[in-house]
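> Would you mind keeping the following structure in view while I ask a few things?
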Amino acid sequence: MPTNNSTRQNRENLIQHILKLSEDIYRSLTPATPAIPPEWLSSDLTVAQLRVLLVLYTAGPSRMSSIASYLGIALSTATGIVENLVKKKLVRRGVASADRRLVICQLSVQGQELVNRLWRLSQFQIEKLLDGLTLDQLKKAAEVADFLLGNVVKQNAESTGTSDQPR
């Protein structure tokens, strides 16, 4: 019977192997299937601005302090980033109906469309990676994706104290 340390080491070795394989996949993509879509490289967004857009996309309308906390940055830094996104018409600021002192930030229609395009580009890249697989291989890939989703849902439930299931 394997010891706890042996099991833990085997798990760590497998995780490192999976991470190495994902890096190898990324590095092996040919120019015909670029790893970074050109649309991402031609954007005038900074990484910090993209991070704020992604927070607003996943979390929905948020207070400035929540954005700063989520990203681990100072409130003044978050305010400056959001101000630039407002100027680019990608984010809207408003006030909370319950407390008009609270500033609520949310994606504008243009911001939502931009993030949707970025997600679609990512999905397109994944489709390219899956394109040459057999039906059996696709079934295994789907099974792994199901395992990963289940683990994320479980971890989220543990961190929030709920037991939500994926839809």
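> Return yes when residue 143 is acidic (Asp, Glu), over 19 Å from the mean Cα position of the chain (by Cα), outside the structural domain of residue 52 (by TED's automatic domain parsing) and more than 25 Å from residue 85 (Cβ to Cβ) and no when it is not. Walk me through how you get there before you give the answer.
Working: acidic (Asp, Glu): yes; over 19 Å from the mean Cα position of the chain (by Cα): yes; outside the structural domain of residue 52 (by TED's automatic domain parsing): yes; more than 25 Å from residue 85 (Cβ to Cβ): yes.
It is true that residue 143 is acidic (Asp, Glu), over 19 Å from the mean Cα position of the chain (by Cα), outside the structural domain of residue 52 (by TED's automatic domain parsing) and more than 25 Å from residue 85 (Cβ to Cβ).
> Enumerate the pairs (first residue in segment 13-29 and within 12 Å of residue 129 (Cβ to Cβ); second residue anywhere and of a type in the set (A, V, I, L, M) and surrounded by 10 or more Cβ atoms within 10 Å (Cβ to Cβ)) with beta-carbon separation below 8 Å, excluding pairs fewer than 6 apart on the same chain, so at least 6 apart or on different chains.
Close Cβ pairs satisfying both conditions: 25/129; 26/35; 29/35.
> Any residue at all in segment 127-134 that is aliphatic (A, V, I, L, M), touching a Gly at 6+ places or on another chain (Cβ under 8 Å) and modelled with pLDDT of 90 or more?
Going residue by residue through segment 127-134, those that are aliphatic (A, V, I, L, M) are 129-130, 133.
Next, from what is left, pick out any that are touching a Gly at 6+ places or on another chain (Cβ under 8 Å): none.
No, that holds for no residue.
> Is there any pair with a first residue in segment 124-137 that is at positive phi and a second that is part of a loop (DSSP other than H, G, I, E, B) whose Cβ atoms are under 8 Å apart and which are 6 or more apart or on different chains, and what are they?
none
> Let me ask you something else. On the given criteria, is residue 96 free of Cβ contacts under 8 Å to residues at least 60 places away in the same chain, surrounded by fewer than 12 Cβ atoms within 10 Å (Cβ to Cβ) and small (Gly, Ala, Ser)?
Details: free of Cβ contacts under 8 Å to residues at least 60 places away in the same chain: yes; surrounded by fewer than 12 Cβ atoms within 10 Å (Cβ to Cβ): no; small (Gly, Ala, Ser): yes.
So residue 96 does not fit the description; no.
> Same structure, new question: When you look at residue 74, is it surrounded by 12 or more Cβ atoms within 10 Å (Cβ to Cβ) and either over 17 Å from residue 45 (Cβ atoms) or touching a residue at least 60 places away in the same chain (Cβ under 8 Å) (or both), yes or no? Walk me through how you get there before you give the answer.
Numbers: surrounded by 12 or more Cβ atoms within 10 Å (Cβ to Cβ): no; either over 17 Å from residue 45 (Cβ atoms) or touching a residue at least 60 places away in the same chain (Cβ under 8 Å) (or both): yes.
Taking the combined requirement at face value, the residue does not satisfy it.
> Taking segment 127-143 as the region of interest, how many residues are of a type in the set (A, V, I, L, M) and surrounded by fewer than 11 Cβ atoms within 10 Å (Cβ to Cβ)? Quick ask: steps written out before the conclusion?
Of the residues in segment 127-143, the ones of a type in the set (A, V, I, L, M) are 129-130, 133, 135, 138, 141-142.
Still in the list and also surrounded by fewer than 11 Cβ atoms within 10 Å (Cβ to Cβ): 135.
Total satisfying the criteria: 1.
> Filter segment 51-62 for residues that are surrounded by fewer than 15 Cβ atoms within 10 Å (Cβ to Cβ) and not aliphatic (A, V, I, L, M); which is nearest to residue 98 (Cα to Cα)?
61
> Can you find a residue in segment 100-115 that is closer than 29 Å to residue 27 by Cβ and modelled with pLDDT under 95? Walk me through it before giving the result.
The initial filter retains those residues of segment 100-115 that are closer than 29 Å to residue 27 by Cβ, namely 114-115.
Within this subset, residues satisfying the condition of being modelled with pLDDT under 95 are 114-115.
Looking for residues that are closer than 29 Å to residue 27 by Cβ and modelled with pLDDT under 95, one finds at least one in segment 100-115, hence yes.
> Given (1) under 20 Å from residue 46 (Cβ atoms); (2) surrounded by 12 or more Cβ atoms within 10 Å (Cβ to Cβ), identify the lone condition not met by residue 104.
Going through the list (1) under 20 Å from residue 46 (Cβ atoms); (2) surrounded by 12 or more Cβ atoms within 10 Å (Cβ to Cβ), residue 104 breaks only (1).
The values are calculated or read from the model by the stated rules, or taken from the named source; none is laboratory data. Not measured: the values here are computed from a predicted model. Neighbour counts are summed over all protein chains in view; Cβ atoms, including those assigned to glycine, are modelled from backbone coordinates with ideal geometry.
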